[in-house]
Amino acid sequence: MRRVVITGIGALTPIGNTLSEYIHGLKTGISGAGPITKFDASRFKVRFACELKGFNVEDFIPRKDARRLDSFAQYAMVAADEAFQMSGLDVNQIDLDRAGVVWGTGIGGFETIEADITEAALWNGDPRYSPFLIPKLIGDIAPGHISIKYGFRGVNYGTVSACASSTHAIISSFDYIRLGKADIMITGGSEAAVTKASVGGFSAMKAMSERNDDPMTASRPFDVDRDGFVLGEGAGALILEELGHAKRRGATIYGEVVGGGMTADAYHMTAPHPEGLGARNVMKLAMQDAGMQPEELDYINVHGTSTPLGDIAEVKAIKALFGDHAYKMNISSTKSMTGHLLGGAGAIEAIACVIAINENFIPPTINHFNDDPEIDSKLNFTFNEAQERTINAALSNTFGFGGHNASLIVKRFKE
């Protein structure tokens with residue numbers, strides 16, 4: 001099998017609009033939550049989210065072009081371009097037929113669905129719809145636009161598996177390169193779901209925190225008082241490249257993707273298996289794929305959404321799989337800072353693992369106040385403050401509605 005390395009990274013998150021800002025946010029343990037500004041949420045049960053801060057798409061994309069893109073695709077383009085620039089790739093020096101894009105989103109053009117369908121359907125007279133309605137809302141349009149911008153003519157599609165979408169995209173891209181079907185892939189995921197329908201729908205499910213009086217501490221993974229996830233938005237992008245290809249052009253290598261696993265809970269449409277069966281199996285498959293033993297892992301960036309059932313099930317899975325080594329690893333949920341980016345979560349959390357390896361620190365799980373007696377407090381959840389640690393291998397978990405599970409392992413690059 002060919003080796004697959006990471007040569008570029010882009011991040012657009014609620015705690016930083018660039019990779020460097022995201023790194024700073026992870027190190028300092030800041031919260032990206034605050035009152036919703038994108039619409040009047042005063043009559044909603046949930047009135048806060050983790051929105052992007054000070055982001056102006058016209059700083060990156062001309063106004064005419066931006067208007068033809070839903071926000072999830074705008075975010076994808078911005079993150080992908082940061083990763084592309086970081087990689088130092090020259091489209092005139094690569095085989096564009098062997099360069100592709102796989103991109104994940106859980107929902108796609110939610111803003112467009114609301115504006116051009118829900119609201120436009122209330123017309124009094126002739127129906128009027130934008131000619132850009134369909135191209136803006138379909139989930140696969142983000143990888144399409146990315147490929148058009150860089151002229152990548154290889155494999156190109158989108159993955160949709162709820163919160164596991166972007167991890168599935170990264171694993172698929174990893175497979176295309178190591179199987180010899182591509183040399184370069186732009187991959188990751190994005191979501192722009194801070195909308196009326198999204199907030200209202202998740203709220204009706206009782207899935208989100210209702211801590212309106214204290215939004216900055218609302219995302220509380222593993223805390224006894226956690227009451228649901230906090231919705232986030234943004235994008236994460238990675239440039240994956242075959243090792244020999246990267247070395248021949250003198251690229252800087254930030255890490256290596258070594259394994260991925262995918263399973264289904266086959267249990268319930270939204271609730272996890274209570275014993276974390278699917279979660280345990282997917283981590284096991286990722287390690288088998290990487291040819292690694294449990295004791296070789298130093299850090300797990302958990303799914304850790306701050307939901308009452310999900311956090312317990314994931315911890316059970318970790319303890320069942322890793323045994324005594326579970327107490328020697330660091331564990332953290334960066335969703336405590338960024339909120340839950342849904343289909344974009346796996347991408348920014350995989351990036352958090354790469355950052356941790358390169359910067360020698362564990363991002364914290366912030367907003368921990370009281371232990372949950374159903375969660376083993378002897379595990380190192382990296383509560384409230386980042387910890388210095390040399391990390392050689394890290395695993396990222398993402399689990400989605402429908403029982404979709406995906407785990408990705410990245411390692412420090414060694415010749």
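The values are calculated or read from the model by the stated rules, or taken from the named source; none is laboratory data. The shown structure was predicted, so the numbers you read here are calculated from the model rather than taken from an experiment. We place every Cβ from the backbone using ideal geometry, glycine too, and count neighbours over all the protein chains shown. In case anyone asks, the SASA skips ligands and DNA or RNA and just uses the protein heavy atoms, side chains included. Shrake-Rupley method; radii C 1.70, N 1.55, O 1.52, S 1.80 Å.
At pLDDT 95 or above, in contact with a helix residue (DSSP H, G or I) (Cβ under 9 Å, 6 or more places away or on another chain) and part of a loop (DSSP other than H, G, I, E, B): does that describe Asp227? Give the steps one after another, and end with the answer.
Numbers: at pLDDT 95 or above: yes; in contact with a helix residue (DSSP H, G or I) (Cβ under 9 Å, 6 or more places away or on another chain): yes; part of a loop (DSSP other than H, G, I, E, B): yes.
Yes.
Picking from residues in segment 29-75 that are among the hydroxyl-bearing types (Ser, Thr, Tyr) and assigned to a loop (DSSP other than H, G, I, E, B), the one that is farthest from the chain's Cα centre (by Cα) is Ser42. Selection of first residues in segment 56-73 that are open to solvent by less than 20 Å² (accessible area, probe 1.4 Å) and of second residues that are among the β-branched types (Val, Ile, Thr), restricted to Cβ pairs under 7 Å at least 6 apart or on distinct chains, gives the following pairs, ordered by first then second residue: Ala66/Val57; Asp70/Thr112; Phe72/Thr105; Ala73/Ile141. Going residue by residue through segment 261-277, is there one that turns out to be closer than 26 Å to Thr7 by Cβ and out of contact with any Phe, Trp or Tyr (no Cβ under 6 Å at 6 or more places or on another chain)? Checking segment 261-277: at least one residue is closer than 26 Å to Thr7 by Cβ and out of contact with any Phe, Trp or Tyr (no Cβ under 6 Å at 6 or more places or on another chain). Can you report the number of residues in segment 279-312 which are farther than 22 Å from Ile348 by Cβ, part of a helix (DSSP H, G or I) and either among the aliphatic types (A, V, I, L, M) or open to solvent by less than 10 Å² (accessible area, probe 1.4 Å) (or both)? Residues in segment 279-312 being farther than 22 Å from Ile348 by Cβ, part of a helix (DSSP H, G or I) and either among the aliphatic types (A, V, I, L, M) or open to solvent by less than 10 Å² (accessible area, probe 1.4 Å) (or both): 4 in total. Within segment 298-326, residues that are among the charged types (D, E, K, R) sit with their Cβ atoms under 6 Å from residues that are in a helix (DSSP H, G or I), at 6+ positions apart or across chains, in these pairs: Glu314/Ala279; Lys319/Ala326. Tell me, please, whether a residue that is open to solvent by 20 Å² or more (accessible area, probe 1.4 Å) and closer than 27 Å to Asp265 by Cβ can be found in segment 118-127. Within segment 118-127 (the criterion being open to solvent by 20 Å² or more (accessible area, probe 1.4 Å) and closer than 27 Å to Asp265 by Cβ), the answer is no, since none of the residues qualifies.
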